[in-house]
Amino acid sequence: MLTEFGKILIFILFAAIFVIITLFVAKIVRPNRPTFEKLKIYECGENPEGSPWVKFNIRFYVVALIFLIFDVEVVLLFPWALVYKDLGFYGFLVGIIFLLLLVLGMAYEWRKGDLEWARPKPKPPRLNEILKNKND
């Protein structure tokens, strides 16, 4: 008599065997006619230009992360919008506080300059600040 763990082990073995057999049969059946066009790197139908080891500006990642953060938070507003009447004034207040935090976060990112595509250059120090630091 097999235990529950034994049944799971047999299921995993059958799954692994099925995957291996499927990949082997697919390799045998598929046509193998490599051409120059098939071996080229595919970039959305465009001919590749330059090296693939290009350094991307970190702004792409920062903007993407900010988008994901606010996108996920906005998704949380949909369930609240559906049931806030059932929750009463407390539910409404919690939703307003959440929206206020979203607006404050967006204002902070905007003020910090993270939403600008080209970050502004820092201002050069004033002459009196340079002289003050030199005297210290």
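The values are calculated or read from the model by the stated rules, or taken from the named source; none is laboratory data. What you see is a predicted model; the values in this text were computed from it and never measured. Ideal geometry is used to build each Cβ from the backbone, glycine not excepted, and the neighbour counts take in all protein chains shown.
List every residue pair whose Cβ atoms lie under 7 Å apart, where the two residues are 6 or more positions apart in sequence or sit on different chains, the first residue falls within segment 76-88 and is at negative phi, and the second residue, located anywhere, is modelled with pLDDT of 85 or more.
From residues that are at negative phi, the pairs are 80/95; 84/91; 84/92; 84/95.
Residues to consider are 25, 29, 74, 63; find the one that is surrounded by 10 or more Cβ atoms within 10 Å (Cβ to Cβ), more than 30 Å from residue 118 (Cα to Cα) and hydrophobic (A, V, I, L, M, F, W, C).
Selected residue: 25, the only one of 25, 29, 74, 63 that is surrounded by 10 or more Cβ atoms within 10 Å (Cβ to Cβ), more than 30 Å from residue 118 (Cα to Cα) and hydrophobic (A, V, I, L, M, F, W, C).
Tally the residues that are under 30 Å from residue 110 (Cα atoms) and not in a helix (DSSP H, G or I), restricting the search to segment 23-69.
Qualifying residue count, segment 23-69: 4.
Restricting to segment 95-131, name every residue that is surrounded by 10 or more Cβ atoms within 10 Å (Cβ to Cβ), at pLDDT 70 or above and of a type in the set (D, E, K, R).
Passing the criteria: 109, 112, 114, 116.
Write out, first by first residue and then by second, each pair whose Cβ atoms fall under 9 Å of each other, whose residues are 6+ apart or on separate chains, and whose first residue, in segment 46-73, is without any contact (Cβ under 8 Å) to a residue 12 or more places away in the chain while the second is in a loop (DSSP other than H, G, I, E, B) and loosely packed, with under 10 Cβ neighbours inside 10 Å.
Within 9 Å, the pairs are 48/41; 48/42; 52/41.
Could you list, in sequence order, the residues of segment 48-106 that are more than 30 Å from residue 37 (Cβ to Cβ) and among the acidic types (Asp, Glu)?
Within segment 48-106, 71, 73, 86 qualify.
If you go through segment 25-49 one residue at a time, how many are among the small types (Gly, Ala, Ser) and modelled with pLDDT of 75 or more?
Within segment 25-49, residues that are among the small types (Gly, Ala, Ser) and modelled with pLDDT of 75 or more number 1.
Conditions first: (1) surrounded by 10 or more Cβ atoms within 10 Å (Cβ to Cβ); (2) at pLDDT below 85; (3) over 21 Å from the mean Cα position of the chain (by Cα); (4) not aliphatic (A, V, I, L, M). Residue 91 passes all but one, so which condition is the exception?
Failing condition for residue 91: (2).
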